[in-house]
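Trainee: Dropping a structure here in structure tokens format, bear with me for questions.
The values are calculated or read from the model by the stated rules, or taken from the named source; none is laboratory data. In this text the structure is predicted, and so the values were computed from the model without any measurement. As a convention, Cβ positions derive from the backbone with ideal geometry for all residues, glycine included, and neighbour counts pool all protein chains shown. Please note that ligands, DNA and RNA were not included when accessible areas were found on the heavy atoms of the full protein model with its side chains. Shrake-Rupley method; radii C 1.70, N 1.55, O 1.52, S 1.80 Å.
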Amino acid sequence: MTSPGSSSVDAEQKTAELVGTLWIILVASLSVHVLTLVAARWQFADLSWPQEPFHSSVEMAGAIVALGVAWMLVSLERLQSGTSYNTWIASALVGMGVLDGLHAMVHQGATFVWLHSLATVTGGLLFAMVWLPQDRKRQTQSWPWIVLCLSLTVGVGSILLGDYLPKMTEGSQFTPLAQQMNIGGGLLMFAAAVRMVLTYRKTGNQDDLLFCLHCTLFGAAAVMFQQSKLWDLPWWGWHFLRLVAYGVALWFVIKTDARTARALQRRAADQARVEALKENAEQLKQTNAKLRREQFLINSLVNTIPDAVFFKDRQGRILRANQAMARDAGFDHPDELIGKTDEQIWAGELHSETAVDEQKIMETGEAIVNKEEMPMRSGGPQRWVLVTKMPLYDEENQITGLFGVARDITEIKLQELERERQADALAKAKEALERSNADLQQFAYVASHDLQEPLRAVAGHCQLLEMALADNSDERVNKFLRHAVDGAKRMQQLINNLLDYSRVQSRGREMVAVDMHGVVDDAMKNLAVAIEEHDAVIQIDDLPRIKGDRGQLVQLFQNLIGNAIKFCGDDAPSLRIAAEREADRWRFSVRDNGIGLEAEYQDRIFVIFQRLHGRSQYPGTGLGLAIAKRIVERHGGRIWVQSEPGSGSTFFFTLLPA
């Protein structure tokens with residue numbers, strides 16, 4: 001049996017010998033033709049040998065060779081052997097073989113030269129098809145049969161309609177049409193030869209090189225056609241080139257036949273070896289099948305387990321791991337972990353802890369069960385796992401390594417930490433809320449008693465003084481008294497509003513189902529005087545039932561409707577109250593035609609004591625919308641406004657359904 005190296009050397013040597021032989025054939029053939037040209041010009045210019053029987057024999061022999069080679073190429077194409085362009089070469093040979101065969105059957109005349117020239121053009125065109133892309137081989141397999149039918153039809157038609165063919169000769173000279181057809185066909189064959197050389201350099205297929213020479217010789221014969229006359233010496237020279245080209249094609253047949261015989265011999269020898277090995281392979285096959293089944297079960301078990309599974313040797317190096325282990329360690333495939341230690345896989349000091357544990361397992365044989373570890377990749381997220389590790393024993397009951405399973409508990413651990421954090425935050429918030437409520441209750445007590453009592457006294461005495469001086473004609477005194485009374489009243493209203501603001505959370509009632517139509521009606525009754533004075537028009541759409549504190553909701557709508565009436569501008573107030581369902585809550589809207597406000601103030605108006613206009617222009621304490629916001633937030637919603645100056649405002653707020 002020869003080694004692969006010696007076979008490669010033999011193949012290269014045979015290829016070199018083939019290339020040398022082809023060069024010799026090419027040079028010798030072209031030399032003979034050149035000699036005929038030189039001889040015809042200097043010594044045998046008048047020589048003419050009109051031997052039609054001999055000419056017909058040569059052409060018919062070439063035609064038979066062409067058709068035989070074409071049939072072999074078609075057969076090789078089915079076997080995916082032969083040249084790289086079996087179909088196109090076979091088509092070209094069929095066309096040339098049929099037309100050259102008919103050319104051999106006719107006498108000298110227009111049809112005689114026409115059929116030869118047509119064969120050259122047909123062969124050139126079909127040979128040149130090797131430049132087409134080779135990704136549609138199935139569509140081209142029928143081409144040889146199509147060409148056969150067309151060639152027979154055109155050839156027989158040319159013989160029957162010879163009188164209508166174009167003129168191809170003038171005496172012994174060929175017409176320009178005949179010369180152009182042959183030169184064109186020859187150039188196309190040269191192009192095909194170039195393609196086959198390029199293909200040979202890419203594939204190394206010697207058959208491509210043979211047909212490169214075939215096309216070159218045919219191309220040279222076709223191009224040199226114009227240098228000859230009927231039956232002169234150059235005429236027989238390029239016929240010699242065509243005969244050599246057909247000989248190269250015949251060489252291909254012989255070479256392919258020999259190659260096929262060798263392949264059959266090798267196949268027979270291989271078959272004998274295969275039969276000899278089958279008996280031994282059957283037992284091995286059964287044993288391997290059993291091992292594969294067991295291996296498949298083990299692999300399936302290891303790879304389908306969602307937990308990370310790993311095997312280590314006594315030095316802590318990974319021997320095997322499953323896909324879950326590779327995923328957790330940040331690798332694409334488990335094989336990438338083989339040979340690595342924990343220090344190479346995980347960041348931090350985990351490897352020091354695992355080395356101690358694993359050394360203990362090796363020494364004592366005691367397993368570690370459900371130990372919590374934090375294996376983290378470099379730059380990766382924080383992780384927690386529960387690890388179980390057990391010793392591995394060999395046939396002699398010696399510990400050779402360990403087997404481990406790691407279950408990811410990161411989500412559970414994060415939930416525990418989050419619950420602890422929330423519990424801590426809730427405790428702190430509760431403590432802060434209790435302090436805030438105590439402070440607010442203390443403030444409410446002070447505001448309702450300690451502040452209001454002296455303020456009522458001041459207001460009362462000012463009013464008594466105003467009554468006592470009612471007859472006083474001093475306008476300045478009356479003006480000062482009015483200012484004092486007005487300031488005391490404003491101060492009392494401010495304290496009352498502050499008290500209302502502080503009691504939204506501390507004095508709120510239980511949340512119950514509330515009919516919002518009734519809430520809006522009560523708010524409008526409380527504002528009946530203002531509504532009548534300003535001729536306000538209020539449109540109320542269908543409103544739902546929601547869960548809330550009815551008293552606070554009345555105050556919410558009272559503040560929003562009162563706010564719309566107050567800032568109505570020059571036109572009579574026009575309001576629309578509506579509600580729309582949004583997912584799990586209701587969105588209410590209160591739209592007016594008032595003066596509106598700029599976008600930059602749309603958040604500021606809900607802040608306590610924030611006013612956008614002077615008290616002389618629009619009275620108030622600046623607490624109405626702050627109280628509205630506090631009420632909405634207590635009910636689990638939010639409030640906002642959309643407005644443009646001069647185009648009115650729309651206040652939106654959300655509440656939970658009943």
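Trainee: Can you tell me how the range 506-551 classifies by the Cα gyration tensor, rounded, prolate or oblate, using a/c under 1.5 as the rounded cut?
Mentor: Oblate, because a/c is 1.5 or more while a/b does not exceed b/c.
Trainee: Separation between the GLU372 and LEU160 pseudo-spin-labels, each 7 Å from Cα along Cα→Cβ, expressed in nm?
Mentor: So the two model labels end up 10.1 nm from each other.
Trainee: Could you please report the charge total around ILE368, scoring K, R as +1 and D, E as -1 over all other residues with beta-carbon less than 9 angstrom from its beta-carbon?
Mentor: Its environment carries a net charge of 0.
Trainee: Ignoring ligands, DNA and RNA, what percent of the accessible area of the range 60-155 is carbon or sulfur (1.4 Å)?
Mentor: Of the solvent-accessible surface of the range 60-155, carbon and sulfur hold 68 percent.
Trainee: Just how large is the dipole of the range 305-413 about the Cα centre, in debye to the nearest 20, putting +1 at every Lys and Arg Cβ and -1 at every Asp and Glu Cβ?
Mentor: So the dipole magnitude of the range 305-413 works out to roughly 240 debye.
Trainee: Here's a follow-up. Quick one: grab the alpha carbon gyration tensor of the range 508-657, order the square roots of its eigenvalues as a ≥ b ≥ c, and give me rounded if a/c is under 1.5, else prolate or oblate depending on whether a/b is larger than b/c.
Mentor: It is prolate, given that a/c is not under 1.5 and a/b is the larger ratio.
Trainee: Contour minus end-to-end for LYS428 and GLU411, with contour as 0.36 nm per residue of separation and end-to-end as the Cα-Cα distance?
Mentor: Value of the extension gain: 3.6 nm.
Trainee: Same structure again: Could you pull out the pairs from LYS430/LYS566; LYS278/LYS312; LYS525/LYS566; LYS285/LYS389; LYS430/LYS629 whose alpha carbons sit more than 28 Å apart here?
Mentor: LYS430/LYS566; LYS278/LYS312; LYS285/LYS389
Trainee: Ranked highest first by average number of other Cβ atoms within 10 Å, how do 353-361, 306-314, 279-287 line up?
Mentor: In descending order of packing, they fall as 306-314, 353-361, 279-287.
Trainee: With a 1.4 Å probe and all protein chains left in place, how much of the accessible area of the range 293-409 comes from carbon and sulfur atoms, in whole percent?
Mentor: 52 percent
Trainee: For the range 508-657, calculate the relative contact order in percent as a whole number, restricting contacts to Cα pairs under 8 Å that are 6 or more residues apart.
Mentor: 25 percent
Trainee: Once the piece of chain linking ARG201 and LYS290 is laid out straight, how much longer is it, given 0.36 nm per residue of separation minus the C-alpha distance between them?
Mentor: Length gained, ARG201 through LYS290: 27.2 nm.
Trainee: Based on the Cβ-Cβ distance of ARG587 and VAL607, what FRET efficiency does E = 1/(1 + (r/R0)^6) give at R0 = 22 Å, to the nearest 0.05?
Mentor: 0.45
Trainee: Further, regarding this structure: Across the range 188-203, in residue order, what do the Karplus-derived ³J(HN,Hα) couplings come to in whole Hz, using 6.51 cos²θ - 1.76 cosθ + 1.60 with θ = phi - 60° and x for Gly and Pro?
Mentor: 5, 5, 4, 4, 5, 4, 4, 4, 5, 5, 4, 5, 4, 5, 8, 9
Trainee: Here is a further query. Show me 532-541, 419-428 ranked by packing, highest mean number of other Cβ atoms within 10 Å first.
Mentor: 532-541, 419-428
Trainee: For the range 305-413, what is the relative contact order in percent, using Cα pairs closer than 8 Å and at least 6 residues apart in sequence?
Mentor: In percent, rounded to a whole number, it is 26.
Trainee: While we're here: Mind giving me the nanometre distance, one decimal, between the label points for MET467 and GLU353, set 7 Å out from Cα along Cα→Cβ?
Mentor: Taking the simple label geometry, MET467 and GLU353 are separated by 8.4 nm.
Trainee: Sticking with this one: Mind checking Rg over Rh on the range 305-413, alpha carbons, Kirkwood formula for Rh?
Mentor: 0.95
Trainee: Show me 586-593, 383-390 ranked by packing, highest mean number of other Cβ atoms within 10 Å first.
Mentor: The packing order, highest mean first, is 586-593, 383-390.
Trainee: While we're on this one: By how many nm would the segment from LEU297 to VAL512 lengthen if fully extended, with 0.36 nm per residue of separation less the alpha-carbon distance?
Mentor: 71.1 nm
Trainee: Next question, about the same structure. Which net charge results when you count Lys and Arg as +1 and Asp and Glu as -1 among the other residues whose beta-carbon is under 14 Å from that of VAL309?
Mentor: +2
Trainee: Suppose R0 equals 25 Å; then what is the FRET efficiency for ALA276 and LEU79 from their Cβ-Cβ distance, rounded to the nearest 0.05?
Mentor: 0.40
Trainee: While we're on this one: Provide the net charge surrounding ILE345, with neighbours chosen by a C-beta distance below 11 Å and charges set as Lys +1, Arg +1, Asp -1, Glu -1.
Mentor: After counting each charged neighbour, the total is -1.
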